[in-house]
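Have a look at the structure below before the remarks.
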Amino acid sequence: MMEKVLAAAQPQLAGKTVKDLIIGISLVGLELDSGEVGVSYVLREDLPTGCSFFPYAQEVIGRPAGEIAGWINSGTSTLQRSIASAVLAAAAGGQELPDDNDTDRLFGVDLQREDTVGMIGLIRPVAKAIAPRVKKVVVFDKGMSLHSKDPLLQPMEKQPELLPSCDVVLLSGTTTINGTIDSLLEFCSGAREIVMVGPSTPMYPPGWQGSGITVLAGSCWRRDRKEEIFKLISLAAGIRQLQQHMQKKAVRV
């Protein structure tokens, strides 16, 4: 699937290089020489231990944006793919994408009382907003499952059993980083709406046509706030602490 997304991103990547990069324990921040800024998640539960496993990070600055974005497919670690995701997020800012200003409908999706909603990657405020409006919410989150007993969380091995019965599915953009996106979309073939959510969502609608995904709900980052964004990432900030520096986007595929 990501080959098609990369192809759709090429016009935005062409001629650009990576100007700056910061890697925190929760997020990656990246700036292109065009001034565009992107942010993506670090899946730290998948990172190896030790201090000598990431030499490629020091070689990113000055490299072509299209080359580094290609790591979303060819990267041999989740951190390489996180860096690629940040490149794609930055370059997406050059497009005209509609803001997500619909307060009545979540990401522009109509939820129904009898819906079962699946969530891949726990976003607590979203889960809290959805739960009173639908029949059931089921959540899968590998990282959270290691540290939390949240009653919403389901065992990861139940995805093939529970996802096909979901009417609406919210997929974290991190599924493009950990390599699970293709298999998860197969499980969600019965859903009427599949929404990819979060800053790691590659916001290139043509690249997702035919995938089953119906809405891309990601973010664009204010280029004039680059210093503030990078400083917060260096201090282990998460997305909640960076929200004032982003504009949420939602676009139909």
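Being closer than 12 Å to Leu171 by Cα and either among the charged types (D, E, K, R) or surrounded by fewer than 17 Cβ atoms within 10 Å (Cβ to Cβ) (or both) is the filter here, so list the residues in the range 189-211 that pass it.
Glu193
Would you check which residues across the range 69-82 are over 20 Å from Arg44 (Cβ atoms) and either in a helix (DSSP H, G or I) or in contact with an Asp or Glu (Cβ under 8 Å, 6 or more places away or on another chain) (or both) and list them?
Selection gives Ala69, Asn73, Ser74.
Scanning the range 166-182 for residues that are of a type in the set (Gly, Ala, Ser) and surrounded by 19 or more Cβ atoms within 10 Å (Cβ to Cβ), which turns out farthest from Gly143 (Cα to Cα)?
Top of the filtered list is Gly173.
Can you tell me which residue is farthest from Arg223 (Cα to Cα) among those in the range 68-78 that are surrounded by 17 or more Cβ atoms within 10 Å (Cβ to Cβ) and without any contact (Cβ under 8 Å) to a residue 24 or more places away in the chain?
Gly75
What are the pairs, 6+ residues apart or on separate chains, where a residue within the range 42-62 that is outside the structural domain of Ser77 (by TED's automatic domain parsing) has its Cβ under 8 Å from a residue that is of a type in the set (Gly, Ala, Ser) and not in a loop (DSSP other than H, G, I, E, B)?
As it stands, the answer is none, since no pair meets every condition given.
Any chance the range 193-200 includes a residue that's farther than 21 Å from Cys166 by Cα and either within 15 Å of the chain's Cα centre (by Cα) or not assigned by TED's automatic domain parsing to the domain that holds Glu161 (or both)?
Yes - at least one qualifying residue is present in the range 193-200.
Restricting to the range 59-89, name every residue that is under 16 Å from Pro199 (Cβ atoms), at pLDDT 95 or above and either touching a Gly at 6+ places or on another chain (Cβ under 8 Å) or among the β-branched types (Val, Ile, Thr) (or both).
Within the range 59-89, Ile72, Arg81, Ile83, Ala84, Ser85, Ala86, Val87, Leu88, Ala89 qualify.
In contact with a strand residue (DSSP E or B) (Cβ under 6 Å, 6 or more places away or on another chain) and either buried (at least 19 other Cβ atoms within 10 Å of the Cβ) or over 19 Å from Glu45 (Cα atoms) (or both): which single residue out of Leu185, Leu163 fits that description?
Going through Leu185, Leu163 in turn, just one is in contact with a strand residue (DSSP E or B) (Cβ under 6 Å, 6 or more places away or on another chain) and either buried (at least 19 other Cβ atoms within 10 Å of the Cβ) or over 19 Å from Glu45 (Cα atoms) (or both): Leu163.
When the residues of the range 90-106 are filtered to those that are farther than 17 Å from Ile22 by Cβ and at pLDDT 95 or above, which remaining residue is surrounded by the most Cβ atoms within 10 Å (Cβ to Cβ)?
By that ranking, first place goes to Ala91.
How about the range 1-20: which of its residues are part of a helix (DSSP H, G or I) and over 20 Å from Arg223 (Cα atoms)?
First pass over the range 1-20, keeping only residues part of a helix (DSSP H, G or I): 2-13.
Of everything in the range 1-20, those that are part of a helix (DSSP H, G or I) and over 20 Å from Arg223 (Cα atoms) turn out to be Met2, Glu3, Lys4, Val5, Leu6, Ala7, Ala8, Gln10.
Conditions: (1) more than 21 Å from Ser172 (Cβ to Cβ); (2) in a strand (DSSP E or B). Gly50 meets all but one. Number of the miss?
(2)
Test Arg81 against the stated conditions and say whether it is surrounded by fewer than 23 Cβ atoms within 10 Å (Cβ to Cβ), of a type in the set (Lys, Arg) and not assigned by TED's automatic domain parsing to the domain that holds Cys166. So that I can check it myself, show each step before the final result.
On the way: surrounded by fewer than 23 Cβ atoms within 10 Å (Cβ to Cβ): no; of a type in the set (Lys, Arg): yes; not assigned by TED's automatic domain parsing to the domain that holds Cys166: yes.
For Arg81, the condition - surrounded by fewer than 23 Cβ atoms within 10 Å (Cβ to Cβ), of a type in the set (Lys, Arg) and not assigned by TED's automatic domain parsing to the domain that holds Cys166 - is not met.
The values are calculated or read from the model by the stated rules, or taken from the named source; none is laboratory data. Note that the structure is a prediction, hence the values are computed from the model and not measured. Cβ atoms come from the backbone with ideal geometry, glycine included; neighbour counts cover every protein chain shown.
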